[in-house]
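See below for the structure under consideration.
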Amino acid sequence: MSGPPSGMVSPTGCPVSERAAAFTPFEGDYQLDPAEALRWARAQEPVFYSPQLGYWVVTRYEDVKAVFRDNILFSPANALEKVTPLTPEAAKVLERYNYKLERTMVNEDEPQHMERRRLLMDAFIPEKLEKHEPMVRELTRAYVDRIVDRGHADLVKDIFYEIPLTVALHFLGVPEEGVEKLRRFAVAHTLNTWGRPTPEEQLEIVENVGQFWQTANEILDTMIADPTGEGWMYDTVREHRKHPDIVTESYMRSMMMAILAAAHETTSNATANAFWILLNNRNAWDEICENPALIPSAVEECLRMGGSIVAWRRVATDEAQVGGVTIPKGGKLFIVQASANQDAAHWENPDEVDIYRDNAAEHMSFGYGAHQCMGKNIARMEMRVFLEEFTRRLPHMKLAGGQRFENLPNISFRGPSHIHVEWDPAENPERRDPALREGGVVFPIGAPVRDDILRRVRVQEIVEEAEGVKRFVLADLSGRDLPRWSPGSHIDVVAGDVRRKYSLCGPPDTPGTLEISILREEDGQGGSKHLHDTLKPGDTLSIAGPKNHFRLDETAERYVLIAGGIGITPILAMADRLKARGLPYVLHYCGRSRGTMALVSRVLRDHGGAVRLHVADEGTRLDLAEAVADVAPGTQVYCCGPERMLDALQDMAEHWPDGALHFEYFSTGASGLDPAKEHAFTVELRDSDLTVEVPADRTLYDVLKSTGIDIPMECGEGLCGTCEARVVEGEVDHRDRVLSKAERAKGERIMSCCSRAKGKKLVLGL
Ligand code: HEM
Ligand code: FES
């Protein structure tokens, strides 16, 4: 608990702390910055009861995800419930309009929800969304044309409200209604559902909500009368005719109104948030102007830092545990996605805007599981087009001074009401090159492609480290610090078609630069030879990362570190860290001859007493079995070296305590997918409540991605562990180099980029 009790008790009879008692999402700190306002809770009281709200507030990433994941125990039935009850006078007004907003999709329980979602999800799959992109682009171009020579604009009022609305109407199949009227309706719907209006304000709001209901019903009636049109609501009407018990009339009426607001307000706000964040973090803006390939990852990072839905609601259908706190049956949960999105237990440097962050797509802004936002890929596509058009045509645009972030006062939706920007039209790039108006990079629909998240760096220094080994010191192109990294991290170096991973090995006290040591491999695929033979100080390179798939667990009692040849690079970084922490370790380093052993003088200088050098031509070969003879509980072994060394160690480790061995392979030796030798299998996705077929000629990862599941992927060949999924049932044919034999035997994890089912079916926790 975060502090002294307030004298209040929760519905389970527990004392409520003073901070929990003081918490209100309707005003003050939460309205300014919800993640910041709940920093104390993430650290001290991650799940607490808020007497002012009457909800249990959930603030940590893992807990928020766990609540989203279980939509049976945590029902979404209260997602659209009014957080401020209606006054009797306001209720009368709504009665007059015959207002009956009931279950839609987002607040429907199982099994009805998934039956409905399955029938209606076709229009949202990535390949079906591609056709909408040219229309979004045309529209954006036309709107930018209106302001490009003006030199100033209010981005929200002039552009970000109207385009998502027009796109939403087009997607739904609704004729373009008066923009002003729909904006008024959407604002009223937000305040009515998620705001705390006074009784007088309620009266005005419900008039608009009533008219919204009426308008939505009129539109629907026209569609029902002639359901031949194109668009998602026409699909809905047609499915209603075929399955009236699943796509019910009440659903259609409620959804028509709810989606008219949800499909565009969320996207307008998220776009405005993204521009606000990037223009306030000028480096990030400048970097995407220079390198538009970064736009999808910038969008994802903005959705993490500035999602337009900051909190969502669920209700416990039974007594439940969340983050160790007991929630009573019927307890209402306020799950704060904005807080989860900045939880230091899940994110590195959570408060920094980092457009190179390669796991940004794990944000909770679209929810998670069976109810995850169906429109997420429409929103992503629109936001990417907006950023691409603006950074190309108005890269010099700046925020006008003296602005504050003004939000509609409510607990869930967030976005600035205005963004005033200015620029000098004389500097518009298209005045020099008119072709720039037409340019434009088209991005694939879906989560960002990790291969595109590349950073340009300069080779600052090259040092001969040993025979055939060079050390490269890399610095940021514009002199900024390169990111911090942890032992075991690597970067991918990308040169033309070649992409290779190299572990970071710089001394821990040189922040700002990155160092890699590369062995020139005569019989390799050419990547290392190319880097050795062509790179000179001052050259530029593209890199991805740092990323860490070989983490050092710093809680062990003692460590055995084993490096073979160039495998010293991550191992040395680990030794540096253990030394700095004062933890006991032994470092075995083996090689053919001293002259070929990279970094050997630094190894001996910095780790002298802990080092055991094993040099073949000096007759001091490593006896692996002896080096690990006394692995006891509390010991952890980290190894990086040639494949045969890692294979041998894995055999020895079969009877070691769980999690004692950690290793990193740098190639799989696997030779791709051969459809003639594979068999098709079925995969049930337990969290999303979906079943998909994986044919013999496609990977599991491919099928998941085309179904709209945001599973990250990096190496694509079973080396890194990024594409991991939880196995609930079924036997896996493991083809990766990430899991140890013991982990494979447990059968709880699968690398979706390469591994498959042994039998006909797998059940996954996705
Ligand atoms: C559901 C956020 C754009 C359609 C949701 C949910 C969230 C969300 C948080 C609830 C998720 C859950 O309960 O797990 C957003 C954000 C958007 C956005 C932040 C923009 C940046 C859109 C668009 C559309 C859309 C453009 C449609 C064109 C839906 C639908 C659901 C939903 C139909 C209900 C899904 C279900 O319950 O099965 N959205 N949304 N959303 N969203 Fe979005
Ligand atoms: Fe690297 Fe699958 S993406 S293991």
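The values are calculated or read from the model by the stated rules, or taken from the named source; none is laboratory data. From a predicted model like this one, the values you see are computed outputs, not experimental measurements. Glycine also receives a Cβ, built like all others from the backbone with ideal geometry; neighbour counts cover every protein chain displayed. The accessibility values were calculated without ligands, DNA or RNA, using every heavy atom of the protein model including side chains. Shrake-Rupley method; radii C 1.70, N 1.55, O 1.52, S 1.80 Å.
Worth a mention:
- Subtracting the Cα-Cα distance of residue 115 and residue 62 from their residue separation scaled by 0.36 nm leaves 16.3 nm.
- Pair-distance distribution P(r) for the chain, from all Cα-Cα distances in 20 Å bins starting at 0: 15, 45, 32, 8, 0 percent.
- Cα shape, the range 450-548, gyration tensor, a/c 1.5 rule: rounded
- A quarter of the convex hull surface defined by the alpha-carbon atoms of the range 558-665 gives 6.4 nm² as the mean projection.
- In terms of its C-alpha gyration tensor, the range 675-764 has a rounded overall shape, because the principal axis ratio a/c (a ≥ b ≥ c, square roots of the eigenvalues) stays below 1.5.
- Treating r as the C-beta distance of residue 12 and residue 682 and R0 as 45 Å, the FRET efficiency rounds to 0.60.
- For the range 121-174 versus the range 603-640, the gap between their alpha-carbon centres in whole angstrom: 61 Å
- In a reduced charge model with +1 at each Lys and Arg Cβ and -1 at each Asp and Glu Cβ, the chain shows a dipole moment near 500 debye about its Cα centre.
- Put a dot 7 Å past the Cα of residue 398, heading toward its Cβ, do the same for residue 27, and the two dots end up 3.7 nm apart.
- Each pair of Cα atoms in the range 223-290 enters the Kirkwood radius, and Stokes-Einstein at 10 °C and 1.306 mPa s then converts it into a translational diffusion coefficient of 107 µm²/s.
- Given +1 at the Cβ of Lys and Arg, -1 at the Cβ of Asp and Glu and no other charges, the dipole of the range 82-229 around its Cα centre is 200 debye to the nearest 20.
- Portion, in percent, of the accessible area of the range 53-177 that falls on carbon or sulfur, probe 1.4 Å: 51 percent
- The alpha carbon centroids of the range 274-298 and the range 186-236 are separated by 35 Å.
- At R0 = 41 Å, FRET efficiency that the Cβ-Cβ distance of residue 181 and residue 431 yields, to 0.05: 0.60
- Split the accessible area of the range 675-764 by element, probe 1.4 Å, and carbon with sulfur accounts for 47%.
- Projected onto planes of every orientation and averaged, the convex hull of the alpha-carbon atoms in the range 1-144 covers 14.3 nm².
- If you take the Cα centroid of the range 466-544 and the Cα centroid of the range 7-24, the two points sit 53 Å apart.
- Dividing the helix sum by the residues of the chain, where each DSSP H run of 4 or more adds -39500 (n - 2.57), gives a mean residue ellipticity at 222 nm of -10000 deg cm²/dmol.
- The range 407-482, accessible surface, carbon-and-sulfur percent (1.4 angstrom probe): 48 percent
- Three-way shape call for the range 5-64 based on the alpha-carbon gyration tensor, with the a/c threshold at 1.5: oblate
- Alpha-carbon Debye profile of the range 82-138, log10 I(q)/I(0) at 0.21, 0.22, 0.28, 0.29 Å⁻¹: -0.85, -0.88, -1.09, -1.12
- Residue 693-residue 211 pseudo-label distance in nm [points 7 Å out on the Cα-to-Cβ vector]: 5.1 nm
- For the chain: accessible area per residue (Å², 1.4 Å): 41 Å²
- Temperature 10 °C, viscosity 1.306 mPa s: under these conditions the Stokes-Einstein estimate for the range 244-369, based on its Kirkwood radius over C-alpha pairs, is 94 µm² per second.
- Here the peptides 80-90, 617-627, 560-570 are ranked by packing, the mean other Cβ count within 10 Å, and the order with the highest first is 560-570, 80-90, 617-627.
- Take 429-438, 371-380 and order them by the average number of nearby Cβ atoms within 10 Å per residue, most first; the result is 371-380, 429-438.
- Semi-axes of the equivalent ellipsoid for the range 528-576, computed as √(5λ) from the eigenvalues of its C-alpha gyration tensor and ordered from largest down, come to 30, 14, 9 Å.
- Between residue 463 and residue 729, the simple label model (points 7 Å from Cα in the Cβ direction) yields a spacing of 5.7 nm.
- Electrostatic dipole magnitude of the range 675-764 [Cβ: Lys, Arg +1; Asp, Glu -1; Cα centre; debye, to 20]: 360 debye
- In a DSSP loop and with at most 15 other Cβ atoms within 10 Å, the GluC sites (Glu not before Pro) in the range 484-537 are 521, 522.
- Candidates 600, 583, 538 compared by Cα position along the dipole of the range 517-604: farthest toward the positive end lies 583, with charges placed on Cβ.
- The trypsin sites (Lys or Arg not before Pro) of the range 121-156 that meet both conditions, a loop assignment by DSSP and at most 16 other Cβ atoms within 10 Å of the site Cβ, are 150.
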